[in-house]
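Can you read through this structure? Questions will come right after.
The values are calculated or read from the model by the stated rules, or taken from the named source; none is laboratory data. Source: prediction; values computed, not measured. Please note: Cβ atoms are built from the backbone with ideal geometry, for glycine as well, and neighbour counts cover all protein chains shown. Remember, those area values only see protein heavy atoms, side chains included, never the ligands or the DNA or RNA. Shrake-Rupley method; radii C 1.70, N 1.55, O 1.52, S 1.80 Å.
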Amino acid sequence: MADEASVKQAVVAPGLCPPGGCPPPTRIECIVVDKVYDSCFQVESRTRDTTVTTGLTGEFVTGTFTVGQAIPCALNGTISCNVINRVPTTGNFATLTIVVSVPITLTNPNAPAETANRVFTFTKVVTLCAPEGVTVDCSESTLLFCNCVVSAVGVGNITVTCDFQVCVVIKTILSVQLLVPSYGFCVPAPCTVAPGVCPPTPPAQCF
């Protein structure tokens, strides 16, 4: 006969608790997790100028350029941050000066295969719970929009001015050992494949 823990493990599975509530846990486990000590977010709007080389040996080889011409831009990778100054305040709080790095790809409007990669940076000061040893993470930050135009045309280069807006999400994270109530290990269910529609159903009409 299966013991009580085995029966509970067979019954308890990921999902909503039944109307009567979840059964009590059977164990207390010590697990290693990334604990978020503090977090905040803010929308930042910035403007940056950059020079892009043109011509046969430049980054943008194809076509000519005029002032006011739009230059497509997009996020290229993950927004990151680096702490350049930390001033402890009260308790485990600290005022952090952070350099936020936003990797951007500029595309030649005359030839989509020609690109120029840039990293636009700006500083931000925040006060967060940040005891010694925490990692400051900005990887969940997102680029809300990016608008770039040619602002000057030189010999063999153009100046591109970019207005961009970033939702900066800052977290202080530390790997810790945490006690949690547990039902034991997760037991995978058999894999299933949803039946397809035969014949395929066409999409709905627009009118």
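Of the listed values (1) 8, 33, 38, 18, 3, 0; (2) 7, 21, 16, 18, 20, 12, 5, 1, 0; (3) 9, 35, 31, 14, 6, 3, 1, 0, grab the one calculated as P(r) over Cα pairs in 10 Å bins from 0, in percent from the structure here.
Entry (2).
Rounded to the nearest whole Å², what accessible area per residue is found for the chain with the 1.4 Å probe?
Normalised by residue count, the accessible surface of the chain is 64 Å².
Follow-up question, since we're still on this one. How do 93, 120 rank by accessible surface area computed with a 1.4 Å probe, from largest to smallest?
93, 120
Using +1 on the beta carbon of Lys and Arg, -1 on that of Asp and Glu, and nothing else charged, what's the dipole of region 103-207 about the Cα centre, debye to 20?
In total the dipole reaches around 40 debye.
Quick one: order 60, 145 from most to least accessible surface, probe 1.4 Å.
Sorted descending by solvent-accessible area, the residues read 145, 60.
Working out 0.36 nm times the residue gap between residue 57 and residue 177, then minus their Cα-Cα distance, what length gain in nm do you get to one decimal?
Taking 0.36 nm per residue and subtracting the Cα distance, the gain is 37.7 nm.
Expressed as a whole percentage, what fraction of the accessible surface of region 147-207 belongs to carbon and sulfur atoms when a 1.4 Å probe is rolled over the protein heavy atoms?
Roughly 69 percent of what the probe reaches on region 147-207 is carbon or sulfur.
Still on this structure, I have one more. Most fluctuating residue of 57, 192, 172 in a GNM of the chain with Cα springs under 10 Å: which is it?
Judging by the Gaussian network model, the answer is 192.
At a 1.4 Å probe radius, which order do 80, 141 fall into by accessible area, largest first? Display every interim value, and only then the final one.
Values: 80 55, 141 10 Å².
Reading off the accessible areas and sorting them downward yields 80, 141.
Here's something else I'd like to know. Residue 36: net charge of surrounding residues, Cβ under 14 Å, Lys/Arg +1, Asp/Glu -1, itself excluded?
-2
Between 40, 148, 22, which gets the highest mean-square fluctuation from a Gaussian network model of the chain, Cα cutoff 10 Å?
Of the options given, 22 has the highest mean-square fluctuation.
Something else now. Tell me the relative contact order for region 40-194 as a rounded percent, counting alpha carbon contacts under 8 Å between residues six or more apart.
That works out to 30 percent.
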